[in-house]
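Below is one structure; the comments refer to it alone.
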Amino acid sequence: MKHHLLSFALACSTVAASAQVVLTPPARTITVGKSEVTCLAIAPKGDRILVGTVRGAELFDIEKGKRVAKFAYEEDGSSVVYHASFNDNGEWVLLIGYAGTREVWDVKTGTQDKMLAKHKWIPDAIRTRELGLKKGNSDFDRFYQQMEASEGGVTAKADKNGAVVFIDEAGNALQTLTYPENKDQHHRAPCLFHEGQFITGTDDGRVLFYDLVKR
């Protein structure tokens, strides 16, 4: 009887382990400050991360966890960034707000370049609308950016209260990350896979790097 119980326990343990997508706790945490994280982007070289927040965006050295640049953002009195990205060589960053206003910033100097016409890499007005960034959206449905990401047959989806649910191709929930510290029930965590890690952000200014379980 004990042998059968042991075999059953080991089987259950194997199933639980195989269902795990990321290792907890996070392998690395970068603190932006008490500012809700709305979007994320990794630099082309993979050494820096651009963090969009409700107060503009900040650029961090991933290894050192130190801020190397800060970019303001202003759109009709709002400083919320809902889309952030780099150009191909990482010399410029693009920030877009809910109404689709595009701002390009020089990473090296930290200054804004208002000559958008020369930046052929940034999305035009039509492409910006395709991203879902347009006027008329409420505070509760603007989190269209990075609400899900897929890697190796697993999809990470932002859930209510800032949680993240990992789902397999059959739609089965494999693992859920929850953040009791979140104050805003409407926060939707950005989802990003990058080189063996899953990266997300909280509404209290933390960027969390989780190692993926090796399969």
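The values are calculated or read from the model by the stated rules, or taken from the named source; none is laboratory data. This structure is a prediction, so every number in the text was calculated from the model and none was measured. Note that each Cβ is placed from the backbone with ideal geometry, even for glycine, and that neighbours are counted across all protein chains shown. With ligands, DNA and RNA removed, areas are computed over all heavy atoms of the protein, side chains included. Shrake-Rupley method; radii C 1.70, N 1.55, O 1.52, S 1.80 Å.
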For the range 80-135, name all the residues that are closer than 20 Å to Phe60 by Cβ and part of a loop (DSSP other than H, G, I, E, B). Val80, Val81, Tyr82, Asn87, Asn89, Gly90, Glu91, Val107, Lys108, Thr109, Gly110, Thr111
Looking at this structure, is Leu212 modelled with pLDDT of 95 or more, in contact with a Gly (Cβ under 7 Å, 6 or more places away or on another chain) and open to solvent by 30 Å² or more (accessible area, probe 1.4 Å)? yes
In this structure, does Glu130 turn out to be of a type outside the set (A, V, I, L, M), free of Cβ contacts under 8 Å to residues at least 40 places away in the same chain and buried (at least 22 other Cβ atoms within 10 Å of the Cβ)? no
Residues that are without any contact (Cβ under 8 Å) to a residue 60 or more places away in the chain and among the small types (Gly, Ala, Ser): does the range 202-211 have at least one? no
Which of the residues spanning the range 52-80 are among the β-branched types (Val, Ile, Thr) and over 19 Å from Gly132 (Cα atoms)? Ile62, Val68
Taking only the range 22-62 into account, find how many residues are outside any loop (DSSP other than H, G, I, E, B), open to solvent by 20 Å² or more (accessible area, probe 1.4 Å) and either touching a helix residue (DSSP H, G or I) at 6+ places or on another chain (Cβ under 8 Å) or farther than 15 Å from Lys108 by Cα (or both). 4
